[in-house]
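Below you'll find the structure, written out as structure tokens, and then a few comments.
The values are calculated or read from the model by the stated rules, or taken from the named source; none is laboratory data. Just so you know, these numbers come straight off a predicted model, no measurement behind them. Glycine also receives a Cβ, built like all others from the backbone with ideal geometry; neighbour counts cover every protein chain displayed.
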Amino acid sequence: MNNAERRIGGRWLPKAIELFFIPNVFKRLKAKFLLNDVFAGLTVGIVALPLAMAFAIASGVSPAKGLFTAIVGGFLISMLSGSRYQIGGPTGAFVVIIYGIIARHGYKGLVAATILAGIFLIIFGLMRLGTYIKYIPQPVTTGFTTGIAVLIFSTQVKDFFGLSIKNVPSEFLEKWDSYIHHFSSIDPVVTIIGVVTVATIITARKIYPRIPAHFIAIFLVSVITWYLGLDIQTIGSKFGGIPSKLPHFAVPAGMSIKLFRAVLPDAVTIALLAAIESLLCAVVADAMTGDKHYSNTELVGQGVANVGSVFFGGIPATGAIARTATSIKAGAKTPLAGIIHVAVIVLFVMFLAPLASYIPLAGLAGVLFIVSWDMSELHVFKRMFKAPKSDLAVMLITFVLTVVSDLTVAVQFGMVFAALLFMKRMSDVTSVQANKKLFTDEQALPEDMDPDATDRKKVPAGVSVYEINGPLFFGVADKFNDEFSRISLAPKAFIIRMRNVPAMDSTAAFALESFVKSATKRGSKVILAEISAQPHKVIRKMGIEKFVGKNNIAPSFDEAIKLSRETIKQKD
């Protein structure tokens, strides 16, 4: 990473420059990847078409706005994303938020909120906040991804089997209750189309592994539906066809400071959700491909895409996990796949509306059945049952919350539980030992390998030595206090040996200050020995050094023993 990239918080600046001169996507293009990207773009374009319209309708806007979002937002995300595999557009996670904003402030309010959210995302990226999302632990990612797979599968059951359900409940448990009660209404013809789609994909993968099986399956069942004149639900019958005009640039009207102030909380929600979902999507893409995304670049790209989307009559956009996974599984290698997916939607809008109308929803449901199976990565999910119980608990909690609750809530809870477990584990590895060797028997090096060990030194009578091993932070502050609270008879001097404390936070620093004050009141001197750079800096800057005294901070253990002897002489 060069200096310009560090300053901007990723590689966004170089990408933006290349965008105007030699577009980055074409610079990275290789001939051997071209066919993969073309087929992946075609496949995900076909999958994205009804999803874009469906998400728009559910959000309370016209299907055209969903398509415009997939075209404009999808293009900008593919060009500017920090992940080469990112497929962007409207997503299900935004439906409830968008619907609520429109109900309160109208579409104009949604535009204002999305513009603010885009600006926030750009600021997040420039401040390099996206870097921290990289620390999402495996149990959270696995639980979230598998939960998404279950949700995708659940949303497609009605269309796959042709169930006669007028309004499918949005909640997971209610949805399946409705499926069970209406399963007698299964349509054999629709089910056959769905089964043919799944069977075609599985067969094509075995026979032609290099050709995206999703495209072959969709093409086949569309031809069957058209040739036989099947009376089943298609894109045309379900969504009323595809609009024949492309989005055009227009400065949003009716914007005002008052409106921006009113939608500020909604803008923050959109920005946070877009950041979480897009970066999780990038993390999932990395896990599926072994690639590495640039999180801060991703946030800047998402911000630009959201602003651009509403300037062309769209709605909020973000990286779509299901569509990105579909693209990867279909063979995507570069951002060209995302741009081709946009081109496919453009072609449908301009020229291919009659043909697109014959695509059966059961076929798309079959494609998404396969996508959900691929995303679930059940082998990883099963392996987690052999992991430590705490990690398994985090994964299961994240999985259950993803399925039965809100996606963002699931990630938040998963991260909180993971953080708590991390603190516990860090606390477990930090020890405060009185006059003992540094390492346990299992960890100990031979004594002749540690000539500076505490028990090999001659410590004067009346001096207590405590060794701290591990980082001192708020998670172990209580352990620090508990160890010293057990002292019944105060010695003449304490030596706190800190040669193996790599870091200290403010909570631990205050705990140390409290101990020094308490020991001083009881007539004991506290000597700190072998403090590394970071803890010493914290102690100095927080003013704790004055309580200890600069003369009582020893650079070596031998020097600390010498100071303790002088203390004893003075007291005697």
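Could you please tell me which pairs satisfy a Cβ distance under 8 Å, a separation of 6+ or placement on different chains, a first residue in the stretch 281-305 that is free of Cβ contacts under 8 Å to residues at least 12 places away in the same chain, and a second residue that is surrounded by fewer than 24 Cβ atoms within 10 Å (Cβ to Cβ) and in a helix (DSSP H, G or I)?
Listed pairs, sorted by first residue: Lys292/Asp286.
Yes or no: the stretch 192-207 includes at least one residue that is under 30 Å from Phe311 (Cβ atoms) and polar (S, T, N, Q).
No, because not a single residue in the stretch 192-207 is under 30 Å from Phe311 (Cβ atoms) and polar (S, T, N, Q).
Taking the stretch 520-547, which residues are β-branched (Val, Ile, Thr) and within 44 Å of the chain's Cα centre (by Cα)?
Ile531, Val538, Ile539, Ile544
Take the conditions surrounded by 14 or more Cβ atoms within 10 Å (Cβ to Cβ), touching an Asp or Glu at 6+ places or on another chain (Cβ under 9 Å) and farther than 19 Å from Gly470 by Cα and apply them to Val538. Does it pass?
For Val538, the condition - surrounded by 14 or more Cβ atoms within 10 Å (Cβ to Cβ), touching an Asp or Glu at 6+ places or on another chain (Cβ under 9 Å) and farther than 19 Å from Gly470 by Cα - is not met.
Output the residue which, of all residues in the stretch 365-379 that are modelled with pLDDT of 80 or more and of a type in the set (A, V, I, L, M), is surrounded by the most Cβ atoms within 10 Å (Cβ to Cβ).
My answer is Ala365.
Of the residues Val501, Val459, which single one is at pLDDT below 85, under 22 Å from Asp558 (Cβ atoms) and either β-branched (Val, Ile, Thr) or surrounded by 17 or more Cβ atoms within 10 Å (Cβ to Cβ) (or both)?
Just a single option satisfies the conditions, and that option is Val459.
Filter the stretch 521-533 for residues that are in contact (Cβ under 8 Å) with a residue 12 or more places away in the chain and surrounded by fewer than 15 Cβ atoms within 10 Å (Cβ to Cβ); which is nearest to Lys569 (Cα to Cα)?
The residue in question is Gly523.
Considering (1) within 26 Å of Ile46 (Cα to Cα); (2) free of Cβ contacts under 8 Å to residues at least 12 places away in the same chain, say which one His181 fails and leave the rest.
Only one criterion in (1) within 26 Å of Ile46 (Cα to Cα); (2) free of Cβ contacts under 8 Å to residues at least 12 places away in the same chain is unmet by His181, namely (1).
If a residue has to be surrounded by 17 or more Cβ atoms within 10 Å (Cβ to Cβ) and of a type in the set (D, E, K, R) to count, how many in the stretch 380-401 make the cut?
Within the stretch 380-401, residues that are surrounded by 17 or more Cβ atoms within 10 Å (Cβ to Cβ) and of a type in the set (D, E, K, R) number 1.
If you go through the stretch 237-260 one residue at a time, do you hit one that is surrounded by 16 or more Cβ atoms within 10 Å (Cβ to Cβ), over 30 Å from Leu80 (Cα atoms), among the hydrophobic types (A, V, I, L, M, F, W, C) and touching a residue at least 12 places away in the same chain (Cβ under 8 Å)?
yes
List the number of the failed condition for Val61; all other conditions in (1) closer than 29 Å to Asn167 by Cβ; (2) part of a helix (DSSP H, G or I) hold.
Every condition holds for Val61 apart from (2).
Quick one: in the stretch 506-538, of everything that is in contact with a helix residue (DSSP H, G or I) (Cβ under 9 Å, 6 or more places away or on another chain) and among the charged types (D, E, K, R), which residue is farthest from Lys492 (Cα to Cα)?
The extreme case among them is Glu530.
In the stretch 168-179, is there at least one residue being under 27 Å from Leu220 (Cβ atoms) and charged (D, E, K, R)?
no
Let me spell it out: the conditions are (1) surrounded by fewer than 23 Cβ atoms within 10 Å (Cβ to Cβ); (2) small (Gly, Ala, Ser); (3) part of a helix (DSSP H, G or I), and Ser164 meets all of them except one. Which number is the exception?
Every listed condition holds for Ser164 apart from (3).
Exactly one of these conditions fails for Gly45: (1) within 18 Å of Thr269 (Cβ to Cβ); (2) not in a loop (DSSP other than H, G, I, E, B). Give me its number.
Answer for Gly45: the failing condition is (1).
Tell me, which residue of the stretch 219-240 that is of a type in the set (Gly, Ala, Ser) and part of a loop (DSSP other than H, G, I, E, B) is farthest from Leu110 (Cα to Cα)?
Gly229
For the stretch 133-153, check the following and say yes or no: at least one residue is in a helix (DSSP H, G or I), out of contact with any Asp or Glu (no Cβ under 9 Å at 6 or more places or on another chain), within 24 Å of Val310 (Cα to Cα) and assigned by TED's automatic domain parsing to the domain that holds Asp391.
There is no residue in the stretch 133-153 that is in a helix (DSSP H, G or I), out of contact with any Asp or Glu (no Cβ under 9 Å at 6 or more places or on another chain), within 24 Å of Val310 (Cα to Cα) and assigned by TED's automatic domain parsing to the domain that holds Asp391.
So how many residues does the stretch 184-199 have that are touching a residue at least 40 places away in the same chain (Cβ under 8 Å) and not in a loop (DSSP other than H, G, I, E, B)?
Going through the stretch 184-199 one residue at a time, the tally reaches 9.
Out of Ala337, Ala362, I need the residue that is farther than 19 Å from Phe75 by Cα and buried (at least 24 other Cβ atoms within 10 Å of the Cβ). Which one?
Exactly one residue qualifies, and that residue is Ala362.
Please find, within the stretch 151-173, the residue that is farthest from Ala410 (Cα to Cα) out of those that are within 28 Å of the chain's Cα centre (by Cα) and modelled with pLDDT of 85 or more.
Among residues in the stretch 151-173 that are within 28 Å of the chain's Cα centre (by Cα) and modelled with pLDDT of 85 or more, the one farthest from Ala410 (Cα to Cα) is Val157.
Could you check, for the stretch 132-155, whether at least one of its residues is more than 23 Å from Gly92 (Cβ to Cβ), surrounded by 22 or more Cβ atoms within 10 Å (Cβ to Cβ), touching a helix residue (DSSP H, G or I) at 6+ places or on another chain (Cβ under 8 Å) and not aromatic (Phe, Trp, Tyr)?
Yes, the stretch 132-155 has at least one match.
Of the residues that make up the stretch 186-203, is at least one more than 30 Å from Val394 (Cα to Cα), among the β-branched types (Val, Ile, Thr) and in contact with a Pro (Cβ under 8 Å, 6 or more places away or on another chain)?
yes
Residues of the stretch 527-555 being under 21 Å from Pro460 (Cα atoms) and touching a strand residue (DSSP E or B) at 6+ places or on another chain (Cβ under 7 Å), which ones?
Passing the criteria: Ile527, Leu528, Ala529, Glu530, Val548, Asn552, Ile553, Ala554.
If I filter the stretch 340-359 down to residues being outside any helix (DSSP H, G or I) and of a type in the set (A, V, I, L, M), which single residue comes out as surrounded by the fewest Cβ atoms within 10 Å (Cβ to Cβ)?
Ranking the qualifying residues of the stretch 340-359, first place goes to Leu352.
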